[in-house]
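The values are calculated or read from the model by the stated rules, or taken from the named source; none is laboratory data. A quick note: this is a predicted structure, and the numbers were derived from the prediction, not measured. As a convention, Cβ positions derive from the backbone with ideal geometry for all residues, glycine included, and neighbour counts pool all protein chains shown. Accessible surface areas use protein heavy atoms only, side chains included; no ligands, DNA or RNA. Shrake-Rupley method; radii C 1.70, N 1.55, O 1.52, S 1.80 Å.
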Amino acid sequence: MDVRVGDTLRMKKQHPCGGFDFLVLRSGMDFKLRCLKCGHEIEITRQKAEKGIKKITRPE
């Protein structure tokens, strides 16, 4: 799966704050994501992130 820095990911499960959208800050073996609703940053493994992605939106 081609996920780049700056992409917005719509996840299947929501963050505890209620948001579904995350901004990709770093990609590689792990992803660093920022919740677009509350601003909380999380690190998640590539395998777990790719399994939970519903939609990828790229900036124009």
Exercise. Take every DSSP beta bridge whose two residues both sit in the chain, then give the antiparallel share in percent to the nearest 5.
Key: 100
Quiz item: Calculated FRET efficiency, Ile56 and Cys17, Cβ-Cβ r, R0 22 Å, to nearest 0.05?
Solution: 0.55
Self-check item: Point-charge dipole on Cβ atoms (K/R +1, D/E -1) for the chain, about Cα centre, debye to 20
Solution: 220
Exercise. Taking only protein heavy atoms into account and a 1.4 Å probe, give the accessible area per residue of the chain in Å².
Key: 71
Quiz item: If you take all C-alpha pairs in the chain, what percent of them are over 15 Å apart?
Solution: 40
Self-check item: Cysteines without a disulfide-compatible partner [the chain; Cβ-Cβ under 4.7 Å]
Solution: Cys35
Quiz prompt | Whole-percent carbon and sulfur share, accessible surface of the chain, 1.4 Å | solution = 51
